[in-house]
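One structure below.
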Amino acid sequence: MKVKRIIIAGGGTGGHIFPAIAIANAMQKLEPELEVLFVGAKGKMEMEKVPLAGYRIEGLDIAGFNRSSLIKNIGLPFKLIKSFFQVRKIMGSFRPDAVIGVGGYSSFPVLRYAQQQGIPTYIHEANSFAGKSNILLGKKARAVFVATDGMEKFFPADKIVVTGNPVRSAIANANVSRAEALRFFALADKPTILSIGGSLGAKSINEAIGAGIHRIEKEGIQLIWQTGKPFAEQGRGMARDVEGVWVGDFIREMEYAFAAADVVISRAGAMAISELCVVEKPAIFVPYPFAAEDHQTMNARNLENKQAGMLVRDDEAGSRLVDEALSLIRDQNRRAELSKNIASLGIRNADMVIAGKILGK
């Protein structure tokens with residue numbers, strides 16, 4: 001029997017990378033002999049995270065449009081052309097049977113080339129507002145896997161498959177006790193806040209937590225603080241003389257962080273929400289205000305309307321976030337209500353559904 005080969009292309013943030021790894025793991029569970037190759041953008045976090053998950057990755061010399069500094073975009077056309085030559089070489093060497101795009105700079109040239117060569121392509125769109133590349137590529141894709149209904153405004157209706165978002169199996173199938181989790185972070189058996197700003201960090205959340213860290217300590221509350229790399233050094237400095245705080249730029253073992261947490265502070269990206277639905281945690285969402293069409297605010301507002309989460313606007317984080325977190329951690333009934341309602345939205349098997357569709361299982 002011919003061994004199937006699959007390329008998974010995309011990355012840039014954890015919201016693209018971790019679903020991609022979940023899909024790869026599910027496909028290998030269904031077909032252990034399957035060969036999977038990732039293609040990402042050089043210098044982006046997928047070049048580190050994918051090998052840690054046990055997969056091979058090839059990097060492209062590609063970058064996205066820089067809105068803050070137009071002069072940095074001068075070399076963009078040349079990088080795009082170079083990436084197409086790199087893609088052609090990778091495709092010729094690996095010869096995939098199918099290509100999956102998960103979003104991010106590197107997905108476009110890979111899927112575009114695959115479609116030109118008649119190789120079946122599939123797209124996973126995690127967000128309720130589709131990216132421009134995915135919209136363009138979706139016209140020729142075999143199937144487009146989406147998290148929610150109502151995506152016909154972006155993709156051909158006959159290609160849409162509503163699956164939910166793949167959640168990392170370590171999180172979806174976690175069996176970590178709270179006591180184990182607290183020991184993992186060297187914390188005591190006390191109420192604990194988990195603050196996560198996404199894989200790259202969140203400035204407003206970090207600044208609010210940093211300003212309120214002594215108040216959190218004074219209240220007898222512990223803190224697990226994922227800062228992201230840009231704020232890591234500053235965060236460690238702020239937490240140096242504070243008891244009951246774990247601080248780091250990235251948490252690989254998120255199942256332990258979720259198990260330890262009584263309240264979670266998070267951005268409102270699609271993948272962050274999918275994970276919080278599965279782990280059934282009461283959460284305060286601080287949407288990233290510059291996401292396309294402000295879709296993170298729409299995500300958070302939708303949860304707030306369902307009594308499945310709380311919303312603090314990015315520009316209010318400095319004045320409100322710590323107050324809301326301390327108030328919520330003291331209110332056991334409110335936490336129980338939020339947990340129950342967010343749990344009702346959780347989907348645990350999206351990775352297997354997507355893998356099965358691609359592999360014809």
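What follows draws every value from the coordinates through simple rules; no lab data is involved. This one's a predicted model, so the numbers in the text were calculated from it and none came from an experiment. So basically every Cβ, Gly included, is an ideal-geometry build from the backbone, and we count neighbours across all protein chains shown.
What is the local net charge at Asp262, summed over the other residues whose Cβ is closer than 13 Å to its Cβ (Lys, Arg +1; Asp, Glu -1)?
After counting each charged neighbour, the total is +2.
In vacuum, with every alpha carbon of region 5-162 counted as one equal point scatterer, what does the Debye formula give for log10 I(q)/I(0) at q = 0.17 Å⁻¹? Two decimals, please.
Values, matching the q order: -0.99.
When only Cα pairs under 8 Å and 6 or more residues apart are kept, what is the percent relative contact order across the chain?
Reported as a whole number, the value is 16 percent.
Quick one: order Trp225, Trp246 by neighbouring beta-carbon count within 10 Å, fewest to most.
Ordered from fewest to most neighbouring Cβ atoms within 10 Å, Trp225, Trp246 come out as Trp246, Trp225.
Taking N as the number of residues in the chain, what is its Cα Rg relative to 2.2 N^0.38 Å?
That ratio works out to 1.00.
Region 160-266: which trypsin sites (Lys or Arg not before Pro) are DSSP loop and have at most 13 other beta-carbon atoms within 10 angstrom?
When the trypsin sites (Lys or Arg not before Pro) of region 160-266 are filtered for loop state and at most 13 Cβ neighbours within 10 Å, Arg240, Arg252 remain.
So what's the back-of-envelope 222 nm ellipticity for the chain, counting only DSSP H runs of four-plus at -39500 (n - 2.57) apiece and dividing by all residues, rounded to 500?
-13000 deg cm²/dmol
Can you flag which of Lys89/Lys140; Lys42/Lys140; Lys49/Lys79; Lys4/Lys89; Lys79/Lys132; Lys49/Lys140 are past 25 Å Cα-Cα?
Over 25 Å Cα-Cα: Lys42/Lys140; Lys49/Lys140.
What is the set of long-range amide H partners of Ala9 at a cut-off below 5 Å, with H atoms built 1.01 Å from backbone N?
So Ala9 has HN proximity to Val39, Ile100, Gly101, Val102.
Could you calculate the FRET efficiency of Leu359 with Leu80 from 1/(1 + (r/R0)^6), where r is the beta carbon distance between them and R0 is 41 Å, rounded to 0.05?
Using R0 = 41 Å, I get an efficiency of 0.85.
Dipole of the chain, Cα-centred, from +1 at each Lys and Arg C-beta and -1 at each Asp and Glu C-beta, to the nearest 20 debye?
1360
When we measure straight from the Cα of Lys218, which lysines land under 21 angstrom away, once same-chain ones fewer than 8 places off are left out?
Cross-link targets: Lys190.
Checking the a/c ratio against 1.5 first, then a/b against b/c, what shape does the Cα gyration tensor give for region 152-205?
oblate
Mind jotting down the distance between the C-alpha centroids of region 304-352 and region 241-270, whole Å?
One Cα centre to the other: 15 Å.
Please give the direction-averaged projected area of the C-alpha convex hull for region 221-308, in square nanometres with one decimal.
6.4
Mind running the shape call on region 171-343? Use the C-alpha gyration tensor, a ≥ b ≥ c as the square roots of the eigenvalues: rounded below 1.5 for a/c, prolate if a/b tops b/c, oblate otherwise.
Taking the square roots of the gyration eigenvalues as a ≥ b ≥ c, region 171-343 is rounded.
Rank-order 149-156, 25-32 by packing density, defined as the average count of other C-beta atoms within 10 Å over each peptide's residues, highest first.
For the peptides 149-156, 25-32, the packing ranking is 25-32, 149-156.
Answer with one residue from Phe231, Val278, Trp246: the one whose Cα lies farthest towards the positive end of the charge dipole of region 214-305, charges on Cβ with Lys, Arg +1 and Asp, Glu -1.
Checking the options against the dipole of region 214-305, the answer is Phe231.
May I ask you to sort Ser128, Ser195 by Cβ crowding, counting other Cβ atoms within 10 Å and putting the fewest first?
In increasing order of surrounding Cβ atoms, one gets Ser128, Ser195.
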